[in-house]
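To keep things clear, I will list the structure first and then write my remarks on it.
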Amino acid sequence: MPLPACRRLAFRLAAGATIALIAAPALANDPAADLVSSTAAQAIDIVKAKTGAQRQAAIQQVLQTRFDLPYMARTALGIHWAKATPEQQARFVKATETAEAKAYSERFGQYSGQTLAIGKTTTRPNGVFIVDSRLNQTNGQPIKLAWEVRQLPAGLRITDVKIEGVSMVMTRRSDFNSYIQQHGGKVQPLIDELEARAAR
Amino acid sequence: MDPGLALMIASVFKVATRVRRSVAATAVAATLVSGCAVNDTGAAEVWDPIETPNRFIFSINRAVDVMAIRPVTVLYRDWVPEPAQKSVRNLLDNLGEPVTAINEVFQGDPSRAATTMARFLVNSTIGLAGLFDVASMLGMERTKTDAGQTIGIWAGKGVEPENGGFYLVLPLAGPSNARDATGLMIDYAIDPFQILPIAFNWDWFYYSVPRYGLNVIDYRSRTMFALDDIEKNSVDYYAALRSAYTQNRAELIRAKRDKTDTKGELERRDNLALVR
């Protein structure tokens with residue numbers, strides 16, 4: 001082998017090794033960020049390929065496999081969770097799941113080429129990962145999105161999304177709590193309302 | 001500058017500072033009161049002692065919005081060409097820059113304030129009275145802040161930014177709280193583009209009315225998507241918006257406070273898992 005070619009090869013190997021060294025830890029150590037980016041990619045694929053009821057069903061599938069919906073529902077119900085019967089709890093989880101799927105498929109209906117840039121991941125002492133990201137729009141300011149990811153026996157799951165500091169779970173919690181208070185502190189009217197909305 | 005005008009601006013400044021101090025004190029007092037009232041597990045609801053009048057104003061606002069503001073905004077959004085909308089936004093943003101700069105000084109960020117003033121000078125001249133955002137093309141990024149955030153920053157470490165005093169729904173302006181409503185008044189008092197028309201006796205009808213009108217339409221068009229989403233996906237729109245507003249304002253203030261001090265907020269979320 002002539003010397004310049006040999007040198008070039010060595011250079012390429014060194015460069016490759018450096019890239020591998022930098023890239024490998026970033027990929028291997030950040031499954032939470034991977035979860036968020038693959039979920040976003042999956043959602044965008046669905047939006048491009050499907051519409052209407054099919055889209056909603058596919059989005060619901062993504063929510064079930066990537067998000068911890070029972071946990072989110074439990075947190076959203078707050079202190080009222082313990083007061084509800086197991087049957088009410090199951091119905092509540094089911095109703096919120098449909099509501100979320102409907103909301104997300106409608107939100108994505110407005111999709112027009114936005115991209116998600118994943119930022120840094122913060123690990124909390126209680127095992128929660130916060131993945132920062134930025135939704136870049138084709139026109140206008142980028143939107144700040146933070147994802148809360150938890151480790152479950154079945155694997156990592158997303159448990160909350162914060163849009164410009166507004167947590168979906170916290171907002172639901174205030175919303176549901178206020179509704180329950182206005183209906184005599186009972187959970188049943190809320191479940192009925194959510195089920196009626198899901199059927200619509 | 002006319003010495004009378006300078007004196008007037010100086011006195012407005014003095015009043016604004018005094019107001020700011022008393023508001024900070026009120027905010028601190030409010031925190032102490034509310035701090036006693038609830039067990040702060042990190043999942044406390046927004047403090048809303050005047051919920052009934054708030055809901056009343058809220059329903060009036062909604063009626064006005066449905067009947068007048070939203071339809072006009074939809075027409076504006078769908079029929080006015082996008083470059084024109086962008087120029088209107090730039091113009092309004094430019095008029096707001098002096099207030100942002102003053103607040104940035106009080107927030108202890110004079111270099112940021114200098115950039116904002118440079119932006120204002122560049123856009124007012126080369127940018128044709130603010131119609132074009134030339135400064136952004138030159139790499140001077142726009143920042144927006146208000147006196148509500150300034151109070152939130154100076155309220156002290158013990159005051160969570162979620163705590164802005166009691167929740168308040170303002171006629172037309174919508175969700176607010178003691179802190180942000182006071183901030184709004186301060187911003188109004190220190191705004192040169194509010195002082196100048198009075199000082200020079202500009203015709204109110206040709207200046208203030210169009211500015212307010214455009215501001216309302218522009219602001220409504222920007223919040224349309226988010227507000228529609230919250231309304232559609234909530235069982236109690238008032239409560240959902242109250243929570244979303246409080247969280248969003250807290251995020252803006254927290255980002256300005258110690259940049260690394262996200263601990264408090266994250267701890268709140270950790271606690272949240274314990275309450276259920």
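Derivation of every value follows stated rules applied to the coordinates shown; laboratory data play no part. Quick caveat, the model's predicted, so the values are computed rather than measured. Please note: Cβ atoms are built from the backbone with ideal geometry, for glycine as well, and neighbour counts cover all protein chains shown.
Just need the relative contact order of the range B:140-181 here, percent rounded to a whole number, with Cα pairs under 8 Å and 6+ apart.
This gives 36 percent for the range B:140-181.
Enumerate the calculated ³J(HN,Hα) couplings along the range A:185-192 in order (Karplus 6.51 cos²θ - 1.76 cosθ + 1.60, θ = phi - 60°), each rounded to whole Hz, writing x wherever the residue is Gly or Pro.
Per-residue couplings from phi come out as x, 9, 7, 4, x, 5, 4, 4 Hz.
Test of understanding: extend the Cα→C-beta vector of B:Arg211 to 7 Å, then name every residue of the range B:88-118 with backbone N under 12 Å from that spot.
So the set is B:92-99.
Estimate the FRET efficiency between B:Met140 and B:Met224 by the formula 1/(1 + (r/R0)^6), using the beta-carbon distance for r and 22 Å for R0, to the nearest 0.05.
0.20
Could you give the length gained by full extension between A:Lys83 and A:Gln42, i.e. 0.36 nm per residue of separation minus their alpha carbon distance, to one decimal place?
On the way: separation 41, 0.36 × 41 = 14.76 nm, distance 3.68 nm.
The span from A:Lys83 to A:Gln42 would gain 11.1 nm if fully extended.
Could you point to the residue in B:Val88, B:Ile57, B:Thr116 farthest towards the positive end of the range B:36-130's charge dipole, with +1 and -1 charges on the Cβ of Lys/Arg and Asp/Glu respectively?
Of B:Val88, B:Ile57, B:Thr116, it is B:Val88.
Any idea what the dipole of the range A:131-200 comes to, in debye rounded to 20, about its Cα centre with Lys/Arg Cβ at +1 and Asp/Glu Cβ at -1?
Working: 10 positive and 8 negative charges, 21 e Å.
That gives a dipole near 100 debye.
Could you work out the relative contact order of chain A, using alpha carbon pairs under 8 angstrom and six or more residues apart, expressed as a whole percent?
20 percent
Along the positive direction of the dipole of the range A:5-193 (beta-carbon charges: Lys, Arg +1; Asp, Glu -1; about the Cα centre), which of A:Gln42, A:Ser167, A:Pro189 reaches farthest?
It is A:Gln42.
For the range B:219-231, just list the computed ³J(HN,Hα) in residue order, Karplus coefficients 6.51, -1.76 and 1.60, θ = phi - 60°, integers in Hz, with x standing in for Gly and Pro.
5, 5, 5, 6, 9, 3, 4, 5, 5, 4, 5, 5, 5
Do the sum for chain A: with -39,500 (n - 2.57) for every DSSP H run of n ≥ 4, divided by all residues, what is the mean residue ellipticity at 222 nm, to the nearest 500 deg cm²/dmol?
-20500 deg cm²/dmol
Any chance you could tell me what percent of the C-alpha pair distances in the range A:5-193 go past 29 Å? Before the final figure, lay out each step's value.
Details: 6148 of 17766 pairs.
It works out to 35 percent of all Cα pairs.
Amide H of A:Asp160 versus every other amide H placed in the peptide plane: which residues, excluding those fewer than 5 positions away on the same chain, fall under 5 Å?
Close amide H contacts, sequence-distant or interchain: A:Glu148.
Kindly write out, for the range A:93-105 in residue order, the coupling ³J(HN,Hα) from the Karplus curve 6.51 cos²θ - 1.76 cosθ + 1.60 (θ = phi - 60°), rounded to whole Hz, with x marking Gly and Pro.
Values per residue, Gly and Pro as x: 4, 4, 5, 5, 4, 5, 4, 5, 4, 5, 4, 5, 5 Hz.
Specify which residue in the list A:Gln56, A:Phe108, A:Ala90 is farthest towards the positive end of the charge dipole of chain A, using unit charges on the beta carbon of Lys, Arg (+1) and Asp, Glu (-1), about the Cα centre.
Value computed over the given set: A:Phe108.
When the Cα centres of the range B:208-244 and the range A:46-69 are compared, how far apart do they sit, in Å?
Here the answer is 28 Å between Cα centres.
Pick out which of A:Pro86, A:Pro153, A:Pro31 has the largest mean-square fluctuation in a Gaussian network model of chain A, springs linking Cα atoms closer than 10 Å.
Judging by the Gaussian network model, the answer is A:Pro153.
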